[in-house]
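J.: Before I ask anything, let me first share the structure, which is written out below as structure tokens.
The values are calculated or read from the model by the stated rules, or taken from the named source; none is laboratory data. Not measured: the values here are computed from a predicted model. Cβ placement follows ideal geometry from the backbone for every residue including glycine, while neighbour counts extend to all protein chains displayed.
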Amino acid sequence: MSSTTLQEPGGRAVAVDPEKAQPEKLRLSEPKADPEVNEGRQYEVALEPADDPQQLPATLRWLTVLTISTAALCVNSASSAAAETEVAVAERFGVSKEVGILGVSLYVLGLGLGPLITGPLSELYGRNIIYRISFFLFFAFTFPVAFAPTLAVFLVFRFVTGFCGSAFLSVAGGSVTDLFPDHQVATPMALYTISPFLGPIIGPIYGGFVNQNTTWRWTYWALINWSFAEAVAIFFIVPETYIPVLLKWKAQRMRKATGDIKYYAPIEKQNSSLASMIIVSCYKPFQLVLFDRMALLIDLWNSLLSGILFLTFQAFPIVFGEGHGFNRQMTGLTFLGIGFGMLIGLTTTPYGNMRFRAYEKDHGPPPPEYRLKQGQLGGVLVAISLFCVAFTTYPHVHWIVPIVASIPFGTGIYCSFVSSFTYLVVAYRPIAASAMASNTAMRTIFAAAFPLFAPAMYHRLGTVGATALLAGLTTIMAPLPFVFYKFGARLRSQSEFATH
């Protein structure tokens, strides 16, 4: 067995074999004349190279990223797949279609609120246990949705399953950064990042085929099968990667192997309780939004984009179903344009990484505002694409034209979100978790609300007027990344939350 490196509070490293180490041997280099001092000394365990998640075999690390990413894809697909069941659910339970839309809205709301709890839990107990429990609950609580005898049961458990699946929005990104060093993390992070965006696009595609050819309940029965396969993969593939928890486990092994209680990990010395961490997790994101203008405006911009993305699940059936006579499965396929655009956005990642490294080589570490360059492109693409979609939704225009016009929208969505997320993490590094939590909470509120008024807006304003209105709103917000790129450093210097 390899030796274990221990670090005393004073900073001296001690090499110890866990099987052979005895307390008296560790004290050979300590002053023997003062037993009281020796008796009070403790040893902080340090991370061995063999324990480092970044030293795991490359195959296992990539399998872990793939498993986490497909789990995030599953959770996010479940959000929009319900859009294809709204009419059938409304007919089954005798309610209006607007009430049926709540199946999407409540699920998305659960996705937004869940990270306020799963984030602090992962910091105390590790990432792996959160993945296993949350995804098992996601799998288990999908059964009441699939077999719901009443509307109340259906809606309540839609919210609960969204809440349980939210760990893959708040915790999973940390696992990716745990597994890869900084110079290698961009590609696996891009793979994970695309999953939450592609998920809502895949949902209506498979949901359309299911609901066109069989009962609406098969939408959720299919999710049960998918989530079961993901749960098995999570249990057998994904290792624990959170270093503070790995050190805690190591200290526990050392205490058990030696019988000496003086070994400890830093996380065991923390004074914060779970309750206090959850309280901070709940109020800090809202404090940031209320008192930091830059964070508020970025969150509003991202929230508008999320709301419009989820609004398309109501708008496309009107544009293509009512306007072009498409059935459900064909309407679902119209989302391929947005999905293809997102994949195009993903392919820009290597170029962006190359530009970043070149800047770093010539000028040193780039300022946080450098991350907004991708967002500048994204904001412009979204606005232009929506205007093009708006004026091609006339029934006499061939149906392929608005689908092609939606491709830049998908690219712009991806570029805007990736740029914003990276900027928030870097610019608000001391409270990065809270910065992302505030962004997630506001985005999901907009994503839950927009589908509720979409049918009325599109039927009253028409497909051209309603889509042009959305394009106008994105045009108003498009200058934000340009403004923050120029004035962000000054605004950060005036913020009590951001890095200076």
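J.: Give the residue, chosen from Gln329, Gln376, that is in contact (Cβ under 8 Å) with a residue 12 or more places away in the chain, closer than 20 Å to Asn302 by Cβ and either surrounded by 15 or more Cβ atoms within 10 Å (Cβ to Cβ) or not β-branched (Val, Ile, Thr) (or both).
T.: From the options Gln329, Gln376, the qualifying one is Gln376.
J.: Oh, and also: Of the residues Thr440, Thr411, which single one is outside the structural domain of Leu109 (by TED's automatic domain parsing), farther than 21 Å from Pro285 by Cβ, β-branched (Val, Ile, Thr) and assigned to a helix (DSSP H, G or I)?
T.: Thr411
J.: So, Phe93, is that one crowded, with 20+ Cβ neighbours inside 10 Å, more than 25 Å from Ala435 (Cβ to Cβ) and modelled with pLDDT of 90 or more or not?
T.: When the stated conditions are applied, Phe93 does not pass them.
J.: A further question on this structure: Looking for whichever is within 22 Å of Phe136 (Cα to Cα) and surrounded by 19 or more Cβ atoms within 10 Å (Cβ to Cβ) here; the options are Val232, Val210, Val176. Which one fits?
T.: Val176
J.: Considering only the range 146-159, I want to know if a residue exists there that is surrounded by fewer than 21 Cβ atoms within 10 Å (Cβ to Cβ) and of a type in the set (Lys, Arg).
T.: Looking through the range 146-159, none of the residues is surrounded by fewer than 21 Cβ atoms within 10 Å (Cβ to Cβ) and of a type in the set (Lys, Arg).
J.: State whether the residues of the range 234-241 include one that is of a type in the set (A, V, I, L, M), outside any helix (DSSP H, G or I) and either over 21 Å from Leu60 (Cβ atoms) or outside the structural domain of Arg357 (by TED's automatic domain parsing) (or both).
T.: yes
J.: Could you grab me the full set of residues in the range 456-494 that are more than 15 Å from Ala390 (Cβ to Cβ) and crowded, with 18+ Cβ neighbours inside 10 Å?
T.: Scanning the range 456-494 gives Met477, Ala478, Leu480, Pro481, Phe484, Tyr485, Gly488, Leu491, Arg492.
J.: Please go through (1) of a type in the set (Phe, Trp, Tyr); (2) surrounded by fewer than 19 Cβ atoms within 10 Å (Cβ to Cβ); (3) touching a helix residue (DSSP H, G or I) at 6+ places or on another chain (Cβ under 6 Å) for Tyr283 and return the number of the only condition it doesn't satisfy.
T.: Here Tyr283 clears every test but (3).
J.: Hey, does the range 257-273 have a residue that's within 23 Å of the chain's Cα centre (by Cα) and buried (at least 16 other Cβ atoms within 10 Å of the Cβ)?
T.: No, the range 257-273 contains no residue that is within 23 Å of the chain's Cα centre (by Cα) and buried (at least 16 other Cβ atoms within 10 Å of the Cβ).
J.: Could you look through the range 235-256, keep only residues that are more than 27 Å from the chain's Cα centre (by Cα) and of a type in the set (D, E, K, R), and pick out the one that is surrounded by the most Cβ atoms within 10 Å (Cβ to Cβ)?
T.: Lys250
J.: I'm trying to understand the selection: among the residues of the range 264-293, which are part of a helix (DSSP H, G or I), over 29 Å from Gln494 (Cα atoms) and not charged (D, E, K, R)?
T.: Pro266, Ile267, Leu274, Ala275
J.: Could you tell me whether any residue of the range 78-85 is out of contact with any Gly (no Cβ under 8 Å at 6 or more places or on another chain) and part of a helix (DSSP H, G or I)?
T.: For the range 78-85, residues out of contact with any Gly (no Cβ under 8 Å at 6 or more places or on another chain) and part of a helix (DSSP H, G or I): absent.
J.: Counting only residues that are surrounded by fewer than 21 Cβ atoms within 10 Å (Cβ to Cβ) and closer than 20 Å to Thr475 by Cα, how many does the range 384-403 have?
T.: 4
J.: Does Thr215 qualify as being under 30 Å from Gly332 (Cα atoms), part of a loop (DSSP other than H, G, I, E, B) and touching a residue at least 60 places away in the same chain (Cβ under 8 Å)?
T.: yes
J.: Among the residues of the range 444-479, which ones are touching a helix residue (DSSP H, G or I) at 6+ places or on another chain (Cβ under 9 Å), among the small types (Gly, Ala, Ser) and part of a helix (DSSP H, G or I)?
T.: Ala447, Ala448, Ala449, Ala454, Ala456, Gly465, Ala466, Ala468, Ala471, Gly472
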